[in-house]
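> First the structure, which I've put down as C-alpha cells, then a few questions once you've had a look.
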Amino acid sequence: MGFFGTYLFDGHRWTAHQPAEQPTIPEPWLLIDIHDSDIATLIYHPAGPGSGVAYLGDTPRTYFENPDASAPTDVAREAAGLGAWWAQQRGGASDIERSAKEAELTAYLAEDLDPTDIDLDDDDDDDRDDAEIFVEVKTARFLAALDLPVPDDLPR
C-alpha cells in the first residue's frame, strides 16, 4: 500500500486537511493531496495565469487510463501559475526570478501520457531515483523548490 495524505499550507505552516474539502482560509494557500504514492494533486490559490490545479507523479487521466478522470494538463500554464503563486508568497519577484522559478517547477509537474507509452516494468525501479517511484519524495523536493517547509509526514 502506498502513501496517502492531504495537507494545507496557509502561508506559514502545514496542517492536515480533508481530501476534496476546499479551504476557506485567506489566500495564498496550497493544498496537496497524495494518493497511493502515485499522484499528488496540487491545488493553489490564487491561481494567477494557471488553472489552480497541477499534478506531480501521474495525472489522474494517465493513472486511471481515463480521459474523464481530470481536465487535460498544461504543464507550462501550471508552472506559470505556480511561479506567480511563489512570487506572491515571498512578497514579490522580478520577471527573471519568476521565469527561472517557472523553469525549475516545470521539471516536477506531471503531464498527460498515453498509457500505452508507459513502461510498467518494476524491475527497472532499482535504477530510478526515489522521486520517480514515490510521489511523496517528489512532493518534498517540489516544496523545497517552492522555498516552503515540508510537512512532517513526508520524507526529506
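> Give me the number: length gained by fully extending S99 to S51, i.e. 0.36 nm times residue separation minus the C-alpha to C-alpha distance, one decimal in nm.
15.5 nm
> Dipole of the chain (Lys/Arg Cβ +1, Asp/Glu Cβ -1, origin at the Cα centre): which of P60, A103, H45 lies farthest to the positive side?
H45
> Follow-up. Given labels modelled 7 Å from the Cα in the Cβ direction, how far is it in nm from L113 to A76?
2.1 nm
> Continuing with this model, one more query. Counting Lys and Arg as +1 and Asp and Glu as -1, each charge on the Cβ, what is the dipole of the stretch 5-145 about the Cα centre in debye, to the nearest 20?
With only Lys, Arg, Asp and Glu charged at Cβ, the dipole is about 1320 debye.
> Normalised by the empirical 2.2 N^0.38 Å for globular proteins, what value does the Cα Rg of the stretch 5-145 take?
1.05
> Would you mind calculating the relative contact order of the chain from Cα pairs under 8 angstrom and at least 6 residues apart, reporting the percent as a whole number?
Worked out over the chain, it gives 20 percent.
> Given N residues in the stretch 33-81, what is Rg(Cα) / (2.2 N^0.38 Å)?
The value comes to 1.11.
> Could I ask something else about it? Hey, can you rank 15-23, 70-78 by average C-beta count inside 10 Å, highest first?
The peptides rank, most packed first, as 70-78, 15-23.
Since every read-out is calculated from the coordinates, none of them should be taken as a lab result. Computed from a predicted structure; not experimentally measured. When we count neighbours, we look across all protein chains shown, and the Cβ atoms used for this are built from the backbone with ideal geometry, even at glycine.
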